[in-house]
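As structure tokens, the structure follows; a few thoughts come after it.
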Protein chains: 2
Amino acid sequence: MTWPASTPPPPYYAVIFTSLRSGIDDGYAQTAQRMEELAAGRQGFLGIESVRDGTQGITLSYWTDLEAIRAWRADLEHAEAQRLGRARWYARYSVRIARVERAYTYG
Amino acid sequence: MTWPASTPPPPYYAVIFTSLRSGIDDGYAQTAQRMEELAAGRQGFLGIESVRDGTQGITLSYWTDLEAIRAWRADLEHAEAQRLGRARWYARYSVRIARVERAYTYG
């Protein structure tokens, strides 16, 4: 994985997932890795950036369009992971869907 | 600081700053804290979320509109911090300006 993620020129979409972990680890790391792999294989996926420090985490995924995001959100295995996330792994989270309008890089 | 940041209903804007640190710390923590304080005091600022794990970091700041982002980017003390960032603290970074169109929270 390159860091920062290499993405095409805008416009494209970002899913901003900001989370507070519950402290329960049961199956978390395995599922998180599986979801990254599944997302990366989907049509419209452009890249992912994820950082965690203790209980606070941010995951950014980039997509060509809203339809790709909708389809990924509705994926059955992903939907089950979202359900487990609420039941076990996350105390709080927010999801923001945003249209990237400008981007530049340094270095 | 609440986590995730509490933000009003969309639309609003996000600045997505994904960075790779250089390994040089000279003045970094002090300047990063000062920039968060300065940003939080500006008109149009809505919230901030920042996570770092080793050299990889993501900082999200939220703003009412593009004009607030432009004004913050041009702030003289911020411009000097950006210059030092390129000279000292960051090996690479990307900045993405995005319009948040939908948002929801859990917990």
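The values are calculated or read from the model by the stated rules, or taken from the named source; none is laboratory data. These numbers were taken from a predicted model, which means no experiment stands behind them. Neighbour counts run over all protein chains shown; Cβ positions are idealised from the backbone, glycine included. Calculation scope for accessible area: heavy atoms of the full protein, side chains included, ligands and nucleic acids excluded. Shrake-Rupley method; radii C 1.70, N 1.55, O 1.52, S 1.80 Å.
Some notes on this structure:
- Every residue from the range B:1-60 that is hydrophobic (A, V, I, L, M, F, W, C), without any contact (Cβ under 8 Å) to a residue 24 or more places away in the chain and surrounded by 14 or more Cβ atoms within 10 Å (Cβ to Cβ): B:32, B:51
- Test: residue in the range A:31-40 that is modelled with pLDDT of 95 or more, more than 16 Å from residue B:60 (Cβ to Cβ) and touching a Lys or Arg at 6+ places or on another chain (Cβ under 7 Å): no
- The lone exception for residue B:62 - which of (1) under 10 Å from the mean Cα position of the chain (by Cα); (2) more than 14 Å from every other protein chain (Cβ to nearest Cβ); (3) not charged (D, E, K, R) it fails: (2)
- Positions within the range A:36-72 being farther than 23 Å from residue B:3 by Cα and either out of contact with any strand residue (DSSP E or B) (no Cβ under 9 Å at 6 or more places or on another chain) or among the basic types (Lys, Arg) (or both), in sequence order: A:37, A:38, A:41, A:42, A:43, A:67, A:70, A:71
- Identity of the residue in the range B:78-107, under 18 Å from residue B:20 (Cβ atoms) and open to solvent by 50 Å² or more (accessible area, probe 1.4 Å), that ends up nearest to the other protein chains (Cβ to nearest Cβ): B:92
Here's the yes/no breakdown for (1) among the hydrophobic types (A, V, I, L, M, F, W, C); (2) over 11 Å from the mean Cα position of the chain (by Cα):
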| site | (1), (2) |
| --- | --- |
| B:4 | no, yes |
| B:14 | yes, no |
| B:19 | no, no |
| B:27 | no, yes |
| B:39 | yes, no |
| B:44 | no, yes |
| B:53 | no, yes |
